[in-house]
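The values are calculated or read from the model by the stated rules, or taken from the named source; none is laboratory data. Source: prediction; values computed, not measured. Heads up, the Cβs are rebuilt from the backbone with ideal geometry, glycines too, and the neighbour counts pull from every protein chain shown. When the accessible area is computed, the model is the full protein with side chains, heavy atoms only, and any ligands, DNA or RNA have been set aside. Shrake-Rupley method; radii C 1.70, N 1.55, O 1.52, S 1.80 Å.
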Amino acid sequence: MEDFKENGEIYSQRIRAGKRTYFFDIKSTRSNDYYITITESKKRATPDGFVFDKHKIFLYKEDFFKFAEALNQAIDHIKNDLMPEVDFSQFEQSEVEESLDGLSEDGLKWD
């Protein structure tokens with residue numbers, strides 16, 4: 001756990017979603033400021049085995065509110081205006097997986 005904090009990473013939450021895994025990580029800067037990284041990881045087969053394709057978003061404190069508000073509005077628009085007939089509660093999971101010390105689903109640490 002100490003290496004986890006020394007690396008600037010202080011919290012990580014993993015969400016498995018089919019072939020994709022999403023990571024929500026809170027990290028700190030040297031000046032003890034905080035930001036969030038949102039990473040999408042997708043396993044892809046290659047002739048030599050497999051690789052992880054990763055896409056990362058950095059979210060800074062001054063944008064937390066605007067980001068959360070826009071995301072909620074987009075989700076509400078889909079639920080209420082574009083797909084009102086769908087029961088989205090069927091997709092809810094009662095348990096959210098937390099990753100261990102920033103490890104990926106195969107136990108490999110990556111940034």
Restricting attention to the stretch 17-35, which residues are open to solvent by 40 Å² or more (accessible area, probe 1.4 Å) and either under 28 Å from residue 91 (Cα atoms) or in contact (Cβ under 8 Å) with a residue 40 or more places away in the chain (or both)?
17, 18, 19, 20, 22, 24, 26
Unique residue being surrounded by 10 or more Cβ atoms within 10 Å (Cβ to Cβ) and not basic (Lys, Arg) when the list is 45, 68
68
